[in-house]
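Chemist: Here it is: the structure, laid out below.
The values are calculated or read from the model by the stated rules, or taken from the named source; none is laboratory data. Bear in mind the structure is a predicted one, so any value in this text is a computation, not a measurement. For neighbour counting, all protein chains shown are included, and Cβ atoms are generated from backbone atoms with ideal geometry for every residue, glycine included. To get the accessible areas, we keep the full protein, side chains included, count just its heavy atoms, and leave off ligands, DNA and RNA. Shrake-Rupley method; radii C 1.70, N 1.55, O 1.52, S 1.80 Å.
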Amino acid sequence: MIRPVIAGNWKMNKTVAEAVDFAVRLRTAYSTPPDREVIIAPPFTALQAVADTIRGSFILLAAQNLHEEEKGAYTGEISGKMLREAGCNCVIIGHSERRTLFTESDDRINRKLRAALTAGLRPIFCIGESLRQREEGETEAVIEHQLKEGLNNLTANDIESCVVAYEPVWAIGTGKTASPEQAEKVHRFIREWIVRRYGPKNGAELAILYGGSVTPKNIAELMAQPDINGALVGGASLDVDSFIQLVGC
Ligand code: 13P
């Protein structure tokens with residue numbers, strides 16, 4: 001049985017004070033931990049303060065990006081080792097905003113995945129097709145390509161530490177959610193690909209999250225699908241009451 005995962009990707013939002021306030025309110029909202037994994041991904045500047053706030057609680061901390069090298073002359077970049085030191089458990093890799101706005105290639109994403117695993121961080125590996133690709137019937141080919149290139153050289157052991165997030169680009173921040181059936185079809189395709197490549201155990205145990213305009217209103221019907229194991233939420237994760245509703249879905 002896969003433990004459901006609810007992850008909030010705050011993107012470039014929240015000051016340190018706002019992030020800590022959110023974390024305090026989230027932590028104190030539960031007298032017993034929820035029956036799912038709860039992950040928040042603040043911007044880099046708030047990671048350490050949030051880590052201090054959630055220490056010893058059920059909340060896990062993710063960064064939104066990392067650099068693939070451990071250290072060196074990479075002005076403005078942050079390594080997996082630094083993220084671990086700041087208290088991160090996970091890191092989002094391959095988000096469509098990184099792929100498009102920051103021109104991250106599949107090869108680069110692969111190197112980042114390997115760097116995250118080496119640093120002891122759990123990657124949340126994002127994949128998804130654009131509207132044009134969907135309309136031209138290329139969804140499965142795009143997903144397969146992103147899986148094949150992104151997971152290149154990763155072993156079954158590595159995959160055990162990974163979470164995959166399917167985020168159709170046309171559904172991100174647009175208010176247009178994939179229907180539960182549309183999302184399930186792609187999730188099933190991803191799981192079957194993992195089974196073919198890594199075997200039934202990896203396939204059965206992989207948490208595959210859906211992302212793209214998830215809200216407290218639509219999360220339950222998405223999560224009711226057999227291959228949807230959780231959600232990676234942007235906009236609706238920024239308000240703590242909304243996020244608590246998502247966790248409680
Ligand atoms: P929205 O929930 O705002 O559509 O963002 C989804 C996302 O990109 C999460 O990583």
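Chemist: Across the chain, how many lysine pairs, 8 or more positions apart or on different chains, have C-alpha atoms separated by under 18 Å? Please give the number.
Modeler: The number of close lysine pairs in the chain is 6.
Chemist: Determine the order of Thr118, Thr75, Thr215, Thr174 by accessible area, beginning with the largest, at a probe radius of 1.4 Å.
Modeler: Thr75, Thr118, Thr174, Thr215
Chemist: Quickly estimate the mean residue ellipticity at 222 nm for the chain, helices only: each DSSP H run with n ≥ 4 gives -39500 (n - 2.57), and the total goes over all residues, rounded to 500.
Modeler: After summing the helix terms and dividing by the residues of the chain, the value is -12500 deg cm²/dmol.
Chemist: For the range 141-185, rounded, prolate or oblate, judged on the Cα gyration tensor with a ≥ b ≥ c (square roots of eigenvalues), a/c < 1.5 rounded, else prolate if a/b > b/c?
Modeler: prolate
Chemist: Please give the FRET efficiency for Arg55 paired with Glu181, using the beta carbon to beta carbon distance and R0 = 45 Å, rounded to the nearest 0.05.
Modeler: That gives a FRET efficiency of 0.65.
Chemist: Could you give the length gained on full extension between Leu131 and Lys71, defined as 0.36 nm per residue of separation minus the Cα-Cα distance, in nm?
Modeler: 17.9 nm
Chemist: Leaving out ligands, DNA and RNA but keeping every protein chain, what accessible area does Thr139 have, in Å² rounded to the nearest 10, with a 1.4 Å probe?
Modeler: 20
Chemist: Cα gyration tensor of the range 61-106, axes a ≥ b ≥ c as square roots of the eigenvalues: rounded (a/c below 1.5), prolate (a/b > b/c) or oblate?
Modeler: Note, shape of the range 61-106 comes out oblate.
Chemist: What does the extension gain come out to for Glu192 and Thr215, with contour length at 0.36 nm per residue minus their alpha carbon separation?
Modeler: Between Glu192 and Thr215, full extension yields an extra 5.6 nm.
Chemist: Please give the Cα centre distance for the range 13-69 versus the range 208-249, rounded to the nearest Å.
Modeler: A separation of 17 Å, based on Cα centres.
Chemist: Name the shape class, rounded, prolate or oblate, that the alpha-carbon gyration tensor gives for the range 20-146, where a ≥ b ≥ c are the square roots of its eigenvalues, rounded holds for a/c under 1.5, and otherwise prolate holds if a/b is larger than b/c and oblate otherwise.
Modeler: Since a/c reaches 1.5 but b/c is at least a/b, the shape of the range 20-146 is classed as oblate.
Chemist: Gaussian network model of the chain, Cα springs within a sub-10 Å range: biggest mean-square fluctuation belongs to which of Leu154, Leu83, Leu47?
Modeler: Comparing Leu154, Leu83, Leu47 in a Gaussian network model of the chain, the most mobile one is Leu154.
Chemist: Still on this structure: With every protein chain in place, what's the accessible area of Asp35 (1.4 Å probe, Å², nearest 10)?
Modeler: Spelled out: Asp35, probe radius 1.4 Å, area about 110 Å².
Chemist: Report the antiparallel proportion of the DSSP beta bridges in the range 86-241 as a percent, rounded to a multiple of 5.
Modeler: Bridges in the range 86-241 are about 0 percent antiparallel.
Chemist: Let me ask something additional. Rg and Dmax of the range 183-249, using alpha carbons, in Å: what are they?
Modeler: Values for the range 183-249 (Cα only, Rg and Dmax): 13.2, 40 Å.
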